[in-house]
Structure formats: C-alpha cells, structure tokens
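The values are calculated or read from the model by the stated rules, or taken from the named source; none is laboratory data. Predicted model only: the values in this text are computed from it and were never measured. Neighbour counts run over all protein chains shown; Cβ positions are idealised from the backbone, glycine included.
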Amino acid sequence: MISCNSWTSCSDASEAKLRNILVTGALGQIGSELVPTLRAHYGADRVVATDIRMLQADSAAVEGPYEHVDCTRPHQLHEVVRRFDIGRIYHLAALLSAVAEDKPQIAWTVNMGGLYNMLEVARQYECAVFFPSSIGAFGPTTPHDSTPQTTIQRPTTMYGVTKVSGELLCDYYALRFGVDTRGLRLPGLVSYAAPPGGGTTDYAVEIFHQAIRYRHYTCFLAADTRLDMMYMPDAIRAMVELMEIDPPALNHRNAYNVTAMSITPEELAAAIRKRIPSFEIDYEIDPVRQAIAESWPRSLDDSSARADWGWAPRYDLDAMCVDMIDKLGARLKQARQS
Ligand code: NAD
Ligand code: AKB
C-alpha cells in the first residue's frame with residue numbers, strides 16, 4: 001500500500017492543475033461522457049480528446065480539440081502532451097475484458113504498452129495520471145463478498161492481468177519517479193451516451209436498449225450472476241473528484257474500490273419491469289463471459305474511498321433505471337425521427 005507520506009516528493013499537483021487535460025480513448029463509453037463533463041468544468045479548449053478512431057461529426061468530442069492518437073506509439077503521446085501543454089491525463093484507452101480474452105496479445109500491447117508509454121510521458125512532462133482499474137483486477141481466489149480494498153489479486157483473464165499490473169506500474173511510477181498517479185477500481189458502468197466496448201458487464205447496458213425497443217432481452221450471463229455496477233454520472237463524478245483531492249488525503253492511490261450497487265440480471269430485469277411492465281428476459285449463457293463474471297467479486301467494500309475522500313454514489317438501482325429509461329428512451333425516439 002502506498003501511504004500518503006510516500007508522496008511528499010510527488011510532482012506539484014497544484015501546478016499540474018493549471019495546465020491542460022488530455023483524455024485518451026475519448027470516444028469510448030466513459031470518454032464520451034467524461035470529455036463533456038471536463039469541458040464544462042475546466043473550459044472546452046483546455047480538454048484535448050484523443051482516440052485511435054476517427055472523430056464522427058455527431059460525437060460530443062467535436063466541441064473542443066480532438067487529435068488522432070494511438071497510445072501504443074510513444075511519439076504521438078509526446079507530441080500531443082508537448083503541443084497542448086498537458087498537466088493532467090485521463091488514460092482510458094484499453095481493450096475490455098471480453099475483447100481482451102479474444103485477443104490477449106493485442107490487449108497486452110494496448111493496455112500495458114499504452115499505459116507504460118503514457119507513464120513515461122507523464123514522468124518527462126510532470127503530468128498527473130488517472131488510471132481506470134476494474135473489478136477485473138480481482139480473481140477467483142479473492143474474497144468474493146465485500147471484497148476488501150487490500151486483498152488477494154490473482155486474476156485469471158488477460159484484462160485482469162493488465163489491470164493489476166497497471167495498478168502496480170502506477171504505484172511504481174509514483175514511488176520511484178514521483179508521478180501523481182491515481183486510480184479507481186470501477187465496477188460495470190451503465191450509460192446511454194455511447195455503447196459499451198466489449199466487456200463482461202455489457203449486458204447491463206444492452207438490456208435497456210432491448211427493453212425500450214423490443215420489450216425483450218436475451219442475457220448472456222446467468223440470471224443469478226451478481227456483480228457490482230454503477231451509473232455513469234456517479235463514475236464520472238468519482239473520476240473528477242479523485243483528481244481534485246489534495247494528495248495527503250489519499251491513503252491508496254492505485255486504485256480505490258468504488259461501487260454503487262451489487263445486482264444480478266434478474267434483479268435488474270425486475271427493476272426495469274417497474275417502468276416497462278411487459279418487459280421479458282431469457283438467458284443464453286456465453287461460457288466465456290460467464291466464467292469471467294464468476295471470477296470477479298460479487299460486491300466490493302468501498303469504505304476506504306468513502307473515508308479518504310468522501311466517495312458516495314447518488315444512484316441506486318431504481319434511480320438508475322428511472323434515469324436510464326427516460327434518457328435513453330428520448331434518445332432512441334429522437335434517432336427514429338431524424
Ligand atoms: P471503450 O472500449 O468504450 O473505449 C476505449 C477506447 O479506447 C475506444 O474508443 C478505443 O477506440 C480506444 N482505443 C483502443 N485502442 C487504442 C489505442 N491503441 N490508442 C488509443 N485509443 C485506443 O472502454 P470504456 O468503457 O470507455 O473504458 C475506458 C477505461 O475504463 C478502460 O481502461 C476500461 O478498462 C476501464 N473500465 C471501464 C469499465 C466500464 O464498465 N466501461 C469498468 C471498469 C474499468
Ligand atoms: C468489463 O466488463 O470488461 C468492464 C469492467 C467491469 O471492467 N465493464
């Protein structure tokens with residue numbers, strides 16, 4: 001564990017805050033909502049969105065600077081950080097659990113190679129770095145209920161290997177070079193702005209699309225598969241808040257457990273049915289994603305985040321369902337009309 005006292009030599013957090021903000025993987029599920037939030041907080045010109053994908057005209061990222069950056073290419077990272085005077089980086093570029101299990105070699109290159117390149121650039125340009133870890137950083141030998149902040153981390157997926165290695169690499173850059181790295185172990189995120197990128201928890205997003213459009217969803221996880229989840233507005237707030245905290249408050253940096261709810265597909269379906277009574281769910285289990293889900297915690301203990309920086313979610317299962325169905329319903333209706 002990194003204690004706050006190890007951080008006296010970290011790069012000056014207040015100086016880094018005056019410089020601009022870089023988001024990698026900005027066109028993904030998280031980046032599509034993080035970038036507009038950061039731009040609303042800090043100013044559109046101060047937030048540089050980057051991704052390996054081409055920017056579409058209808059993307060939220062068009063509201064400010066956008067650069068094509070492949071995080072496996074160090075010179076592209078150097079160039080964008082130097083040119084835009086970057087002081088803080090949200091490094092989101094990665095392959096998610098199911099895709100990473102399908103392409104483990106590419107996942108290692110993008111998730112670990114990309115993070116290493118980013119940390120090297122952060123060391124040289126004295127940037128603070130946010131690294132999104134995951135419940136995937138735990139494995140079958142981790143206590144599955146109320147998973148503690150500090151516990152066994154022996155994941156059995158390539159995604160998990162890159163997440164726990166990423167946490168350790170961020171710790172190393174903090175202790176050895178004073179890079180101000182911070183991270184969260186995020187649960188499955190539910191959102192409507194952009195589709196999920198190929199994870200095990202994607203069912204919790206797909207279910208809303210199918211419920212609104214067809215009143216029916218075939219779920220790839222078993223009915224009683226319990227996993228932590230969070231609504232995207234809570235996750236975005238956690239990321240912004242964590243990077244604003246004064247370093248002495250942080251007893252753990254890479255990475256804090258955070259959660260909002262611990263739910264199964266049948267519980268989520270029941271909550272959706274309160275708003276869409278005719279909704280039906282059935283199950284066709286995908287053995288790969290089921291095995292991944294069963295290796296992950298059923299519920300996280302996020303008391304360290306609550307104690308150290310006041311973390312608390314605002315959306316429980318019912319509040320999330322109400323907001324998701326309203327907002328996604330309006331979006332789908334608008335898309336049909338245009
Ligand atoms: P996503 O798959 O939706 O987006 C990732 C983005 O990275 C994509 O837009 C992709 O084009 C981009 N990318 C891929 N390879 C790249 C490369 N070589 N260079 C630059 N960009 C590249 O993922 P997300 O859900 O937005 O997740 C972002 C981060 O948060 C990831 O590290 C993920 O592991 C982590 N996380 C996500 C969740 C979740 O539920 N969404 C939960 C826990 C942790
Ligand atoms: C995934 O399922 O891969 C992600 C995650 C929980 O990290 N949503």
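Kindly establish whether Asp228 is under 18 Å from Ile135 (Cβ atoms) and either near ligand 2 (Cβ under 10 Å from one of its atoms) or not assigned by TED's automatic domain parsing to the domain that holds Ala107 (or both). Give the steps one after another, and end with the answer.
Working: under 18 Å from Ile135 (Cβ atoms): yes; either near ligand 2 (Cβ under 10 Å from one of its atoms) or not assigned by TED's automatic domain parsing to the domain that holds Ala107 (or both): yes.
When the stated conditions are applied, Asp228 passes them.
For the structure I just gave you, tell me whether Asp302 is more than 17 Å from the chain's Cα centre (by Cα) and not aliphatic (A, V, I, L, M). Let's see the steps before the verdict.
Details: more than 17 Å from the chain's Cα centre (by Cα): no; not aliphatic (A, V, I, L, M): yes.
In short, no.
Going through segment 121-169 one residue at a time, which ones are more than 16 Å from ligand 2 (Cβ to nearest atom) and not in a loop (DSSP other than H, G, I, E, B)?
Passing the criteria: Val121, Ala122, Arg123, Gln124, Tyr125, Ala128, Val129, Leu168, Leu169.
Quick check, is Arg88 over 18 Å from Gly198 (Cα atoms), among the basic types (Lys, Arg) and buried (at least 23 other Cβ atoms within 10 Å of the Cβ)?
Details: over 18 Å from Gly198 (Cα atoms): yes; among the basic types (Lys, Arg): yes; buried (at least 23 other Cβ atoms within 10 Å of the Cβ): yes.
Against the criterion (over 18 Å from Gly198 (Cα atoms), among the basic types (Lys, Arg) and buried (at least 23 other Cβ atoms within 10 Å of the Cβ)), Arg88 qualifies.
Give the residues of segment 274-309 that are part of a loop (DSSP other than H, G, I, E, B) and without any contact (Cβ under 8 Å) to a residue 12 or more places away in the chain, sorted by residue number.
Of segment 274-309, the ones part of a loop (DSSP other than H, G, I, E, B) are 274-279, 284-286, 296-299, 301-302.
Hit for segment 274-309 is Pro277, nothing else.
Looking for whichever is within 28 Å of Ile152 (Cβ to Cβ), at pLDDT below 95 and polar (S, T, N, Q) here; the options are Asn257, Asn251. Which one fits?
None of the other options fit; the residue is Asn251.
Only strands (runs of 3 or more DSSP E) wholly contained in segment 173-261 count here; list those with 1 or more residues that are buried (at least 24 other Cβ atoms within 10 Å of the Cβ).
On the way: elements: 181-186, 188-190, 216-219, 227-231.
Passing ranges, in order: 181-186, 188-190, 227-231.
Please specify each residue of segment 155-190 satisfying the condition of being β-branched (Val, Ile, Thr) and within 18 Å of Arg88 (Cβ to Cβ). Even if it seems obvious, please write down each step before you answer.
In the first step, residues of segment 155-190 are kept if they are β-branched (Val, Ile, Thr); the result is 156-157, 161-162, 164, 179, 181, 190.
Within segment 155-190, Val179, Thr181 qualify.
Starting from residues that are among the charged types (D, E, K, R) and touching a helix residue (DSSP H, G or I) at 6+ places or on another chain (Cβ under 7 Å), keep the ones in segment 61-81 and report whichever is modelled with the lowest pLDDT. Please lay out each step first, then the result.
The first filter runs over segment 61-81 and keeps only residues among the charged types (D, E, K, R), leaving 63, 67, 70, 73, 79.
This time we only want the ones that are touching a helix residue (DSSP H, G or I) at 6+ places or on another chain (Cβ under 7 Å), so: 63, 67, 70.
Details: Glu63: 88, Glu67: 96, Asp70: 98.
Only one residue fits best here, namely Glu63.
Looking only at segment 18-66, how many residues end up being buried (at least 17 other Cβ atoms within 10 Å of the Cβ) and either of a type in the set (D, E, K, R) or within 8 Å of ligand 1 (Cβ to nearest atom) (or both)?
Number of matching residues: 16.
Going through segment 310-334 one residue at a time, which ones are small (Gly, Ala, Ser) and assigned to a helix (DSSP H, G or I)? Don't jump to the end; show me each part of the working.
Taking segment 310-334 as the starting set, the residues that turn out to be small (Gly, Ala, Ser) are 310, 312, 319, 329-330.
Correct list: Ala319, Gly329, Ala330.
Restricted to segment 77-106, and to residues that are more than 16 Å from ligand 2 (Cβ to nearest atom), out of contact with any Asp or Glu (no Cβ under 6 Å at 6 or more places or on another chain) and in a helix (DSSP H, G or I), which residue is nearest to Gly25 (Cα to Cα)? Working first, answer last.
Pass one, segment 77-106, residues more than 16 Å from ligand 2 (Cβ to nearest atom): 77-89, 105.
If we keep only those that are out of contact with any Asp or Glu (no Cβ under 6 Å at 6 or more places or on another chain) as well, we get 77-79, 81-89, 105.
The next check asks that each one be in a helix (DSSP H, G or I); those that pass are 77-79, 81-83, 105.
Numbers: Leu77: 12, His78: 16, Glu79: 16, Val81: 15, Arg82: 18, Arg83: 19, Gln105: 19 Å.
Per the stated criteria, the residue is Leu77.
Spot the failing condition for Gly183; the list is (1) touching a Lys or Arg at 6+ places or on another chain (Cβ under 8 Å); (2) away from ligand 2 (no atom under 16 Å from the Cβ), and only one is missed.
(2) is the only condition that Gly183 fails.
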